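Every read-out reported here was derived from the displayed coordinates using simple, explicitly stated rules and does not represent laboratory data. Note that the structure is predicted; figures quoted are calculated from it, not measured. Note that each Cβ is placed from the backbone with ideal geometry, even for glycine, and that neighbours are counted across all protein chains shown.
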Protein chains: 4
Amino acid sequence: MLKIGPLSFQSRLLLGTGKYPDFSTQKQAVEQSATEILTFSVRRMNIFEKNQPNLLEELNTEKYSLLPNTAGAKTAEEAVQTARLARSSGLCDMIKVEIIGCQKTLLPDPVETLRASEMLLEEGFIVLPYTSDDVVLARRLEELGCHAIMPGASPIGSGQGIINPLNLQWIIEQTSIPVIVDAGIGSPSDAALAMELGADGVLLNTAVSGAKDPVKMAIAMKKAIEAGRLGYEAGRIPKKTYATPSSPTEGLISG
Amino acid sequence: MLKIGPLSFQSRLLLGTGKYPDFSTQKQAVEQSATEILTFSVRRMNIFEKNQPNLLEELNTEKYSLLPNTAGAKTAEEAVQTARLARSSGLCDMIKVEIIGCQKTLLPDPVETLRASEMLLEEGFIVLPYTSDDVVLARRLEELGCHAIMPGASPIGSGQGIINPLNLQWIIEQTSIPVIVDAGIGSPSDAALAMELGADGVLLNTAVSGAKDPVKMAIAMKKAIEAGRLGYEAGRIPKKTYATPSSPTEGLISG
Amino acid sequence: MLKIGPLSFQSRLLLGTGKYPDFSTQKQAVEQSATEILTFSVRRMNIFEKNQPNLLEELNTEKYSLLPNTAGAKTAEEAVQTARLARSSGLCDMIKVEIIGCQKTLLPDPVETLRASEMLLEEGFIVLPYTSDDVVLARRLEELGCHAIMPGASPIGSGQGIINPLNLQWIIEQTSIPVIVDAGIGSPSDAALAMELGADGVLLNTAVSGAKDPVKMAIAMKKAIEAGRLGYEAGRIPKKTYATPSSPTEGLISG
Amino acid sequence: MLKIGPLSFQSRLLLGTGKYPDFSTQKQAVEQSATEILTFSVRRMNIFEKNQPNLLEELNTEKYSLLPNTAGAKTAEEAVQTARLARSSGLCDMIKVEIIGCQKTLLPDPVETLRASEMLLEEGFIVLPYTSDDVVLARRLEELGCHAIMPGASPIGSGQGIINPLNLQWIIEQTSIPVIVDAGIGSPSDAALAMELGADGVLLNTAVSGAKDPVKMAIAMKKAIEAGRLGYEAGRIPKKTYATPSSPTEGLISG
């Protein structure tokens, strides 16, 4: 079970709501993924403007926890402002701190992310910062009191998967709060690998919404995350340089 | 559906029967994996000696197709002899040609593998050769009339996963017979990746039998192979060097 | 030519002085490497205590620029104190800010590194911070006015080489100050790759001092860094998925 | 020193002569590379037709050993025919067996390569087959009596570098004849890595001729191969998962 602050979830897949080809596909993908946490950009949603149609109307939002993000913010102050706007809707207490420090790579700004996390924690939010895979930065965010950390596997939307599994593993090993791998996952095997490293969850958007068949990919990702988690729990064999016969030369149980 | 010669299978996981801690674990792992094809070494099994107890007695072998392998053979002639022994049991027409050319790496001998495959095809076997990831060698094996090819991901039992995905992808692209990735798979993400590359199946043994919890790992692998296959069918996003926001700046479907 | 603040160097190799098997080997390795910048830990050197013998006496320090580091410091204040001690010797104005935030991985603390860099710049030091490969953190350090940045390729002494070449490339692309790849380089090919990515220099220690033949490895590294730099300037061919014959089928210049 | 059959060479770089922008650049690149072995396609050269101008006239061919290849051959017989044509010129006894089995990947045909090598050895050639990185195939070629083996790092002209260093290392470990890494090298770091793995030499063409500045790249490659070889001889540090301080906390030689 994934626990974030006071909340508990069966599913370890967090799904973004952006860039689906149409509402119907989005709805089916969300349902088939079995996600319980939907993420979206506060700035780009009409969710908090009652006179506007919006995509979340299509979904039964009582079934989902909402995790709005502060995308578009460049400073801690802007992020806090966005978070307050989200909370004012009465729909969510969680906030994903997303403060981009480089428009080309969409990589996060560590200084503003730290500041925003601190400010939001003081205001009582459940804070999940999107961060680079900097190991000590992750530790700093945990020390502030963040409820989870969300290191990127590779740049947002790049589909490059986990470039540095070592950093990710270390972030996971050192922390006692959930680690949710965010950004860069491109395929089911990427998602499975994140879970095998010991991640508590995976956040996806483009990998599903941008697939040729988003609904089928949503199912694939659901299974991959379950597979990776089970693989982590089951304890994989060590990697060896040389070969080992799967059929023993002696012993009772042969094959 | 996986089709090998005249046979059809729902499951794309082929499971080896060697090196489990005990019969009970083996039996549960086999059942939970939902495999339909069991592989084993003819030379190391008592299956064909009726007065000996053997592990396949524990399993309902009518539920499974048996894929004996010729492990232990160093020449085509030895492999053929082993295959005939297996067929004489009346239990199987499939044979996995496994002729090791290097004891340290357990990598296959291309010359003897080609010769054995040719000889076995003439004798009417359903022939699945274990081969390196040499692209043209795979083509040659297909030209002989082999019913599937089984390129290794990395050395047997090494758990290193897919070292050269490019060769694997090319073998898959060029062939019209099933490609079953054999040897070296260590984790669910490895298995998922093989399937995402377009493999028709994955053969596992040590990754399951050598896991701390083989039964749980069997379930993980089952899900991973399904996830990878679905991911392949769903059409993954391309890998990009630079980032792409998952939230568009314009357009109706925002998130 | 490598320019750091007001200083210019022909060599792009910065060499650490720790952990050589003996003084003679250290001296020869330093000479053969053709380095012009020697790094060392202020805390662990007797260089600034005149009544103690020390390794730099063995070298003609007028030939070298000294780059002391603040290893051992856990806070900005401690780093500043160490830097002042180094400068008080009158031998150096450069300081490598090294503030470790995790004893297991020896990865740097971004917050204290930023603080220390700011304080040291105010005191007029030539400041070269050791940092993770966080792209936006590197940008922040440049904005402070640092004279170079020293991202790690992988953990100190691990010999794992460049785990994330993408981050390194982005740090290099975005910056107008020298980028010196520090930590984790294990082999000449690692050093060459750093330079091919566009790095301005490479700092080595364990890869040379820990080699079986440190003097020979020093020569290897010197050549590798020159090779990588020339390769960067020469403009490498693009990577292609498919093959391209080196012999054209038409055209005047055939081969 | 690199020894191939009865021949000895100071340089470990073998350079292809195809696809340079002009004769002058080709000539300079060859000279600056310090290569002693030039390779070229017999079929695409006019070298053996006296009334035609050809590129080797521009070079002092007495300074170089010539290594013609059989590119264009699809069968052993065609390769033998090409090799005889080359030898009839009186300029060379070495032949690189190059029999492509796949036009898209330009990967070699193991069956025809084995056959051609055997036939050419019987005719007294010094035989260097271009092969995949199949470990047992390389062993087979050595057993035939080949004078060197030339496994590809990745597809010809792809610049992808060494995809499977493990196979390459095993080919090198098992053999007592020279291993020359051929095809796929894109950058100086790739060439250095091949040498660090223990290769006896590297054959390059596109990586030099296709660089923006081929002459500068030729120098870079020369240095990289020297660096890699020295690194191999010097004995690199092991790769470690965790960090190791370069500055010891105790001991006489500190830094």
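Largest GNM mean-square fluctuation across B:I171, B:I163, B:I126, computed for chain B with C-alpha springs under 10 Å, falls on B:I163. Axis-proximal residue of chain B for the rotation onto chain C, reported as residue and distance in whole Å: B:K239, 6, based on Cβ position.
With loop membership from DSSP and a limit of 14 other Cβ atoms within 10 Å, the longest segment of chain D without trypsin sites (Lys or Arg not before Pro) is D:105-211. Of the residues C:Y20, C:Y242, C:Y130, the one that moves most in a GNM of chain C with alpha-carbon contacts below 10 Å is C:Y242. In order along the range A:100-114, phi translates into HN-Hα couplings of 7, x, 7, 6, 7, 9, 6, 7, x, 8, x, 5, 5, 5, 4 Hz, rounded to whole numbers, per the Karplus curve 6.51 cos²θ - 1.76 cosθ + 1.60 with θ = phi - 60° and x for Gly and Pro.
Between B:K74 and D:S176, what is the FRET efficiency for a Förster distance of 22 Å, r being their Cβ-Cβ separation, to the nearest 0.05? The formula returns an efficiency of 0.55 here.
Label-point spacing for B:Y242 across the identical copies (point 7 Å from Cα in the Cβ direction), in nm and ascending order: 2.7, 4.1, 4.9. Note that the range A:172-189 has calculated 3J(HN,Hα) couplings of 5, 4, 7, 9, 10, 9, x, 10, 10, 6, 10, 5, x, 5, x, 9, x, 5 Hz, one per residue in order, obtained from phi through the Karplus relation 6.51 cos²θ - 1.76 cosθ + 1.60 (θ = phi - 60°); glycine and proline are x.
Under the criterion of Cα pairs below 8 Å and six or more residues apart, the relative contact order for chain B equals 18 percent. Shielding by partners for peptide A:172-178, expressed as the average number of C-beta atoms from other protein chains within 10 Å of each residue's C-beta, is 1.
Position D:L85: other-copy label points at 5.1, 7.2, 7.5 nm, ordered by increasing distance, label point 7 Å along Cα→C-beta. Among the residues of C:191-199, the average count of other protein chain beta-carbon atoms within 10 Å of the residue beta-carbon is 4. Note on chain A: along the principal axes its Cα atoms extend 73, 41, 36 Å, ordered by decreasing extent. Note on the range A:170-202 and the range A:109-156: Cα centroid distance 15 Å, given to the nearest whole angstrom. Close amide H pairs (under 5 Å, H built 1.01 Å from N) link D:N205 with D:G16, residues at least 5 positions away or on another chain. The coefficient of translational diffusion for the range C:108-255, derived via Stokes-Einstein from the alpha carbon Kirkwood radius under 10 °C and 1.306 mPa s, stands at 95 µm²/s. Gyration tensor over the Cα atoms of the protein assembly as shown: the corresponding equivalent ellipsoid has semi-axes (square roots of 5 times the eigenvalues, largest first) of 46, 42, 26 Å.
Here r is the Cβ-Cβ distance between A:K212 and D:L144 and R0 is 45 Å; the resulting FRET efficiency, rounded to 0.05, is 0.40. Over chain B, DSSP H runs of length four or greater, each weighted -39,500 (n - 2.57), average out per residue to a 222 nm ellipticity of -11000 deg cm²/dmol.
Note on chain C: GNM, Cα springs under 10 Å; of C:D134, C:D22, C:D200, the largest mean-square fluctuation is that of C:D22. Work out the FRET efficiency for D:E62 and B:E62 from their Cβ-Cβ distance, taking R0 = 56 Å, and round it to the nearest 0.05. Calculated transfer efficiency: 0.15.
Near C:I163: Cβ cut-off under 12 Å, other residues only, Lys/Arg at +1 and Asp/Glu at -1. The net charge is -2. Given a cut-off of 16 Å, what percent of all Cα-Cα pairs of the range D:157-235 lie beyond it? Of the Cα pairs, 46 percent sit more than 16 Å apart. Test of understanding: extend the Cα→C-beta vector of B:L7 to 7 Å, then name every residue of the range B:98-137 with backbone N under 20 Å from that spot. Only B:98-99, B:116-131 pass the distance filter. From largest to smallest, the equivalent ellipsoid semi-axes obtained for the range C:105-153 from the alpha-carbon gyration tensor read 17, 11, 9 Å.
Distances, shortest first, from the label point of D:K74 to those at the same position in the other copies read 3.8, 6.0, 7.1 nm; the point lies 7 Å along Cα to C-beta. Pairs with C-alpha atoms separated by more than 32 Å, drawn from the list A:K104/C:K19; A:K104/A:K212; D:K19/D:K63, are A:K104/C:K19. Couplings 3J(HN,Hα) of the range C:17-26, computed from phi: 10, x, 6, 6, x, 7, 4, 5, 5, 4 Hz, in residue order, whole Hz [Karplus 6.51 cos²θ - 1.76 cosθ + 1.60, θ = phi - 60°; x for Gly and Pro].
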